[in-house]
Amino acid sequence: MKEFELTGVNTNIYATQPTPFTRFMRTFFLWQLWRFAAINLRMMQIIRLEKNLHK
């Protein structure tokens, strides 16, 4: 089996570190509760609109 070589690809791939504020928001309960509610309300709106199209 022939080995192949990647050309033009950066092999030094790394993940950026989250900022302290980002880490705080990921663990802050009230922010998570707010995001949960907002996402669920958006999903309910999409489902309601979709159901109205199929009447």
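The values are calculated or read from the model by the stated rules, or taken from the named source; none is laboratory data. Worth saying up front: this structure is predicted, and the values here are computed from it rather than measured. No Cβ is skipped: glycine too gets one built from the backbone with ideal geometry, and neighbour counts run over all protein chains shown.
Structural remarks
- Residue check for residue 37: modelled with pLDDT of 75 or more, hydrophobic (A, V, I, L, M, F, W, C) and either in contact with a Ser or Thr (Cβ under 8 Å, 6 or more places away or on another chain) or loosely packed, with under 10 Cβ neighbours inside 10 Å (or both): no
- From the options 46, 39, residue that is over 18 Å from the mean Cα position of the chain (by Cα) and either free of Cβ contacts under 8 Å to residues at least 12 places away in the same chain or at negative phi (or both): 46
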